[in-house]
Amino acid sequence: MALYEETLTSRAFQIIVLIPILAMLAGLYSAYHAGEGFGIMLATTLGISVLLLDVAAIKIEIDEREVRIRGLFGLIVRKTVSIENIAGFEVRKGWMSCYGTIHFTLPAKACVKIRQKKGWTVSFSTNRPENLVEALRALGVPREP
């Protein structure tokens with residue numbers, strides 16, 4: 001059972017991602033009518049569309065064992081941090097206010113940086129920093145100043 005769940009999206013970012021998808025669909029239509037290159041254009045359009053849609057949302061889940069960060073499909077945006085491996089965390093106002101070696105961000109109220117005992121720091125944005133802090137504190141994860 002998840003102690004904390006949040007799906008973070010940005011309407012502006014979704015529109016920005018939609019523009020190249022629409023352009024590729026127009027190219028796919030043109031390739032179909034030209035009778036040349038449709039197969040490669042179809043494969044390219046599908047592949048790039050899936051990748052772009054994957055980065056259009058961030059899902060954050062915290063349970064008793066781990067913190068999971070995933071994209072829409074979990075292909076590119078995908079990171080799991082064991083609770084036992086977390087040395088500490090910090091929360092800052094503003095979605096661009098903290099940087100981890102691995103960084104997942106969309107416009108939001110705050111940014112969270114997790115320092116691992118072994119491995120790189122991980123940071124991500126959140127719109128519910130208070131709830132996230134409560135969940136991590138309940139698991140005994142120390143908050144850093």
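The values are calculated or read from the model by the stated rules, or taken from the named source; none is laboratory data. Please read these numbers as outputs of a predicted model, since none were measured by experiment. Cβ placement follows ideal geometry from the backbone for every residue including glycine, while neighbour counts extend to all protein chains displayed. Just so you know, the surface numbers come from the protein's heavy atoms only, side chains and all, with ligands and any DNA or RNA stripped out. Shrake-Rupley method; radii C 1.70, N 1.55, O 1.52, S 1.80 Å.
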Among the residues of segment 72-83, how many are over 17 Å from Val133 (Cβ atoms) and in contact (Cβ under 8 Å) with a residue 24 or more places away in the chain?
4
Of the residues that sit in segment 93-115 and are under 19 Å from Thr7 (Cα atoms) and out of contact with any Phe, Trp or Tyr (no Cβ under 8 Å at 6 or more places or on another chain), which one is modelled with the highest pLDDT?
Lys93
Go through segment 49-62 and give me each residue that's open to solvent by 70 Å² or more (accessible area, probe 1.4 Å) and either at pLDDT 95 or above or of a type in the set (Lys, Arg) (or both).
Lys59
Looking only at segment 124-133, decide whether some residue is modelled with pLDDT of 95 or more, over 30 Å from Tyr32 (Cα atoms), of a type in the set (A, V, I, L, M) and open to solvent by less than 30 Å² (accessible area, probe 1.4 Å).
yes
Failed criterion for Val91 (all others in (1) of a type in the set (A, V, I, L, M); (2) touching a helix residue (DSSP H, G or I) at 6+ places or on another chain (Cβ under 6 Å); (3) more than 30 Å from Lys117 (Cα to Cα) hold)
(3)
Please go through segment 105-145 and give me each residue that is closer than 21 Å to Val55 by Cβ and part of a strand (DSSP E or B), ordered by number.
Ala110, Cys111, Val112, Lys113, Ile114, Val122, Ser123, Phe124, Ser125, Thr126
If Leu51 passes every condition in (1) within 28 Å of Leu22 (Cα to Cα); (2) of a type outside the set (Ser, Thr, Tyr); (3) touching a Phe, Trp or Tyr at 6+ places or on another chain (Cβ under 6 Å) but one, which one does it miss?
(3)
Over segment 105-123, the set of residues free of Cβ contacts under 8 Å to residues at least 60 places away in the same chain and either open to solvent by 60 Å² or more (accessible area, probe 1.4 Å) or among the small types (Gly, Ala, Ser) (or both) is Lys109, Ala110, Arg115, Lys117, Lys118, Gly119, Trp120, Ser123
Go over the candidates Glu36, Glu64 one by one and state the one that is over 18 Å from the mean Cα position of the chain (by Cα), under 30 Å from Ser123 (Cβ atoms) and in a loop (DSSP other than H, G, I, E, B).
Glu64
Those residues of segment 78-104 which are part of a loop (DSSP other than H, G, I, E, B) and crowded, with 19+ Cβ neighbours inside 10 Å amount to Trp95, Cys98, Gly100
When restricted to Arg11, Arg65, the only residue surrounded by fewer than 14 Cβ atoms within 10 Å (Cβ to Cβ) and under 22 Å from Gly140 (Cα atoms) is Arg65
